[in-house]
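Contents: one structure, followed by commentary.
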Amino acid sequence: MGDISFRSTVHAERLRFTQGPQTAVRFPGTGKRESTSHSDRTHLPDPVVPGQDYQDVTAAYRLATRTRSRLVRFFGVGRPLA
């Protein structure tokens, strides 16, 4: 899947949050989208505990999105992607 896809992996020997993270993903614009995201964490719980140290942390994040009307938009015919 994906007109747009993004992958990122980060690693830290030591990590501490002073407050709980607030995250959001937005896709501005018009049209319906199909989107998916997923993260894999090693030695990092969900949710994290503010003030606690985490050691040898790895987080991998994947995101993909596409517009459902891609064929209609580019070619003027067809049907939206399923």
Arg62 - accessible surface, heavy atoms, 1.4 Å probe, Å² rounded to 10: 80 Å²
If you roll a 1.4 Å probe over the stretch 1-61 with all protein chains in place, what percent of the accessible area is carbon or sulfur? 49 percent
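The values are calculated or read from the model by the stated rules, or taken from the named source; none is laboratory data. The structure displayed is predicted, hence computed values, not measured ones. All accessible areas refer to the heavy atoms of the entire protein, side chains included, with ligands and DNA or RNA removed. Shrake-Rupley method; radii C 1.70, N 1.55, O 1.52, S 1.80 Å.
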